[in-house]
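Below is one structure, written out as structure tokens, with a few remarks after it.
The values are calculated or read from the model by the stated rules, or taken from the named source; none is laboratory data. It should be emphasised that the depicted structure is a prediction, and the values quoted were computed from it without experimental measurement. No Cβ is skipped: glycine too gets one built from the backbone with ideal geometry, and neighbour counts run over all protein chains shown.
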Amino acid sequence: MTDEQEAPVVGWAVVELMGRRRLGAYVREVTLAGAGMLRLDVPETERQPAFTQYVLPTSLYALSPTTEEIARGIAERSPEPPATRYDLPALPAPRVTTSEASPEDFAYPYTTDDEDDEDDEDDEE
């Protein structure tokens, strides 16, 4: 094995991933949950904030070391980050504040079949 094969991957690169994704990022080898992964730190651009992704090396088609300037240029043309809080639906407004809450506000809203049967028996009497 040569020194180049043993050297950790660190530095600016153009990263080509499955799904025809191409990113300009600062790349580092890391261990996450016991697995060797690549940490991709994509810089902030005019279109998107900086973000970090962890990818398995097996998801790479190509990793091309380059200059920071070129990697930032590729990042500028890269798609949006994989997920942001704006991708998620808005949370519903709270019904009541905790100072106004009663036990019914926290009750489970559904009944079981047994409870329904008991209600039916009460109606028959």
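A few points about this structure:
- Where E44 falls short, out of the listed (1) in a loop (DSSP other than H, G, I, E, B); (2) modelled with pLDDT under 90: (2)
- Each residue in the range 49-64 was checked for being farther than 13 Å from G36 by Cα and part of a loop (DSSP other than H, G, I, E, B), and 2 of them qualify.
- Pairs where the first residue, in the range 17-38, is surrounded by 15 or more Cβ atoms within 10 Å (Cβ to Cβ) and the second is small (G, A, S) and modelled with pLDDT under 90, C-beta under 6 Å, 6+ apart: L23/S78
- Scan of the range 70-96 for residues that are surrounded by 10 or more Cβ atoms within 10 Å (Cβ to Cβ), acidic (D, E) and either at pLDDT 75 or above or not in a loop (DSSP other than H, G, I, E, B) (or both), ordered by number: E76
- The listed residues are P57, P8, P49, and the only one of them that is modelled with pLDDT of 90 or more and not aromatic (F, W, Y) turns out to be P57.
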